[in-house]
Amino acid sequence: MAAKKKADARPIVALIAFLVVALCVYFVLLSRTAIGLISDGGVVGIGLGVGVIVLPLLGVWMVVSTLRSGIEHQRMVAAAQDLGRDLDVDDLPRRPSGRIEKDAALELFEQVKVEWEADPSDWVSTYRIARAYDYAGDRSRAREMMRRAAEQYRAAKAEQRS
């Protein structure tokens, strides 16, 4: 079996960088508008200005948390691949849209569930079941399990350092 060629990540990284810069410019403009409203001194202007100043703060928090999450998930993928335990779905039947057939995804989920139930404290098993939930179409449980996998991954990394 030939090794899979790793995709060039530069275009997506450039797009993410562009979007982050565009959001930063938007947040600065929004903040200037908020400061202008507050400096006008009217009760309505101050109220609107305070409300508008919250938007860039929320936006910065969302961008930072999304980027941190994405970077951590990419590190988890790489670590699982290094351990030879990444979820291989290349041979599963797919719909014309590219999604895995429902029956195959459910069968994969059942296999991974048995592995996870054997050791739910293993971050790789939790990561694998999160991916299996996603393939099976249960996005809310997939997000919940990926959060748990990330916590376990951070704990495992901290344990390795000490």
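The values are calculated or read from the model by the stated rules, or taken from the named source; none is laboratory data. Small disclaimer: the values here were computed from a predicted structure and weren't measured. We place every Cβ from the backbone using ideal geometry, glycine too, and count neighbours over all the protein chains shown. Please note that ligands, DNA and RNA were not included when accessible areas were found on the heavy atoms of the full protein model with its side chains. Shrake-Rupley method; radii C 1.70, N 1.55, O 1.52, S 1.80 Å.
Taking region 4-45 as the region of interest, how many residues are of a type in the set (S, T, N, Q) and open to solvent by 80 Å² or more (accessible area, probe 1.4 Å)? Talk me through it step by step, then tell me what you get.
Filtering region 4-45 for residues of a type in the set (S, T, N, Q) gives 31, 33, 39.
From the residues that got through so far, the ones that are open to solvent by 80 Å² or more (accessible area, probe 1.4 Å) too are 39.
Looking only at that region, the number is 1.
Each row is one residue, and each column tells you yes or no for (1) touching a Ser or Thr at 6+ places or on another chain (Cβ under 8 Å); (2) closer than 25 Å to Met145 by Cα; (3) hydroxyl-bearing (Ser, Thr, Tyr).
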{"site": "Leu48", "(1), (2), (3)": "no, no, no"}
{"site": "Val52", "(1), (2), (3)": "yes, no, no"}
{"site": "Ile71", "(1), (2), (3)": "no, yes, no"}
{"site": "Met76", "(1), (2), (3)": "no, yes, no"}
{"site": "Asp82", "(1), (2), (3)": "no, yes, no"}
{"site": "Val89", "(1), (2), (3)": "no, yes, no"}
{"site": "Leu92", "(1), (2), (3)": "no, yes, no"}
{"site": "Gly98", "(1), (2), (3)": "no, yes, no"}
{"site": "Lys102", "(1), (2), (3)": "no, yes, no"}
For this session: Within region 46-68, identify whether any single residue is of a type in the set (Gly, Ala, Ser), under 30 Å from Ala136 (Cβ atoms) and under 19 Å from the mean Cα position of the chain (by Cα), and answer yes or no.
Result: yes
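Mind counting the residues in region 118-132 that are open to solvent by 50 Å² or more (accessible area, probe 1.4 Å), within 14 Å of Arg148 (Cα to Cα) and without any contact (Cβ under 8 Å) to a residue 40 or more places away in the chain? First the steps, then the outcome.
Residues of region 118-132 that are open to solvent by 50 Å² or more (accessible area, probe 1.4 Å), as a first pass: 118-121, 131.
Filter once more, keeping what is within 14 Å of Arg148 (Cα to Cα): 119-121, 131.
Imposing the further condition that a residue be without any contact (Cβ under 8 Å) to a residue 40 or more places away in the chain reduces the set to 119-121.
Summing the residues that are open to solvent by 50 Å² or more (accessible area, probe 1.4 Å), within 14 Å of Arg148 (Cα to Cα) and without any contact (Cβ under 8 Å) to a residue 40 or more places away in the chain in region 118-132 gives 3.
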Problem set entry | Check on Asp103, open to solvent by 50 Å² or more (accessible area, probe 1.4 Å), in a helix (DSSP H, G or I) and within 19 Å of Ala132 (Cβ to Cβ) | yes
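Looking only at region 133-142, decide whether some residue is in contact (Cβ under 8 Å) with a residue 40 or more places away in the chain and within 30 Å of Ser31 (Cβ to Cβ). Give the steps one after another, and end with the answer.
As a first pass, look at region 133-142 and keep what is in contact (Cβ under 8 Å) with a residue 40 or more places away in the chain: 135.
Filter once more, so that each one left must be within 30 Å of Ser31 (Cβ to Cβ): none.
Taking every residue of region 133-142 in turn, none turns out to be in contact (Cβ under 8 Å) with a residue 40 or more places away in the chain and within 30 Å of Ser31 (Cβ to Cβ).
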Exercise. Which pairs do you get when a residue that is free of Cβ contacts under 8 Å to residues at least 60 places away in the same chain, found in region 62-75, comes within reach of a residue that is surrounded by 11 or more Cβ atoms within 10 Å (Cβ to Cβ), reach meaning Cβ atoms under 7 angstrom, with the pair 6+ apart or on two chains?
Worked result: Val63/Val20; Val63/Leu23
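Restricting attention to region 47-66, which residues are more than 19 Å from Ile16 (Cα to Cα) and open to solvent by 80 Å² or more (accessible area, probe 1.4 Å)?
If we filter region 47-66 for residues that are more than 19 Å from Ile16 (Cα to Cα), which is where we start, we get 47-55, 57.
Correct list: Leu48, Leu55, Leu57.
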